[in-house]
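So the structure is just underneath, and the comments pick up after that.
Just so you know, all these numbers are worked out from the coordinates, no wet-lab data involved. Predicted model only: the values in this text are computed from it and were never measured. Here Cβ is always computed from backbone atoms with ideal geometry, including for glycine, and neighbour counts include all displayed protein chains.
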Amino acid sequence: NAGVTQTPKFRVLKTGQSMTLLCAQDMNHEYMYWYRQDPGMGLRLIHYSVGEGTTAKGEVPDGYNVSRLKKQNFLLGLESAAPSQTSVYFCASIPILSGPLLSQFFGPGTRLTVL
Amino acid sequence: KNEVEQSPQNLTAQEGEFITINCSYSVGISALHWLQQHPGGGIVSLFMLSSGKKKHGRLIATINIQEKHSSLHITASHPRDSAVYICAVSNFGNEKLTFGTGTRLTIIP
C-alpha cells in the first residue's frame, strides 16, 4: 500500500494563477483532511471530508475549494493564488469515526510558493 | 489563548538525556495525540491516548485528564530523535483535531 500520497511535492505559482493539489489514499479511509503548516503555527485545518461527495470548512477555508468525487481522492484547489497562501500543505486520512478520533495518516506534504 | 499549548518550544539536549515535552489543553477531550515531524517534513502519529500511559520503545506518553495535561518522555535520547513533536486533541463526535505549535527537539551527539 502506498498510504497517503500528494501531488505535486513542490510548486511555484505567480499571484493570480490557479492550481489543484491532489491527495490520494489507498486505505479505504472515510475521513480526509487538508491542512496548512506555517512557521510558528500549528497545523491549521483548511477543509475536510467525512465521506465521498461531502466536504466541510475548517479553520482557514478562505481562498480554497475542495472536492471529494471519489472516496480515495481529495482535491484542494486554489482559484487565484495569493502570496499569503505560501505554505506547506498536508493531507491526512483516518478510518471511519468510532469512539475517539483515531490517529491520522499523513501525506508527505506539498511545498507551495506564491510569488 | 490557544486551546493546546506545548512547552518548551525548543529543546536541545545531549545524547542519552531523559527528555520531557509537555502539552496542556483547555477543553474537554476524548483523546490526545502525539505526532512526530522529521526534518524532511513527514508527519507520523506516535500515540493516541485517553487515559493513563502508553509506551513504545523509548517513548512514553502520559495523560492526566483532571489536570488537562500530557507529557511525552524519551529515555536514552539519540540524535535520530531530533524532530518536531506535536500534540493534538480531539473530542467525541468531532471529526477534527486541534494542534499545538510543536516542540523542536535537537539531540546533540
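For the range A:7-24, the count of residues that are under 18 Å from residue B:40 (Cα atoms) and in a loop (DSSP other than H, G, I, E, B) is at least one.
Within the range B:45-58, take every residue that is of a type outside the set (A, V, I, L, M, F, W, C) and within 14 Å of the chain's Cα centre (by Cα) and give me the one that is nearest to residue A:90 (Cα to Cα).
B:45
Return a yes/no flag: does the range B:76-88 have any residue that is at the interface with chain A (Cβ under 9 Å from one of its Cβ atoms), assigned to a strand (DSSP E or B), of a type in the set (Gly, Ala, Ser) and within 23 Å of residue A:33 (Cβ to Cβ). Within the range B:76-88, one or more residues are at the interface with chain A (Cβ under 9 Å from one of its Cβ atoms), assigned to a strand (DSSP E or B), of a type in the set (Gly, Ala, Ser) and within 23 Å of residue A:33 (Cβ to Cβ). Of everything in the range A:56-115 that is hydroxyl-bearing (Ser, Thr, Tyr), touching a residue at least 40 places away in the same chain (Cβ under 8 Å) and part of a strand (DSSP E or B), the residue that is surrounded by the most Cβ atoms within 10 Å (Cβ to Cβ) is A:93. Selection over the range B:23-44 of residues that are at the interface with chain A (Cβ under 9 Å from one of its Cβ atoms), more than 13 Å from the chain's Cα centre (by Cα) and over 14 Å from residue A:108 (Cβ atoms) gives a count of 2.
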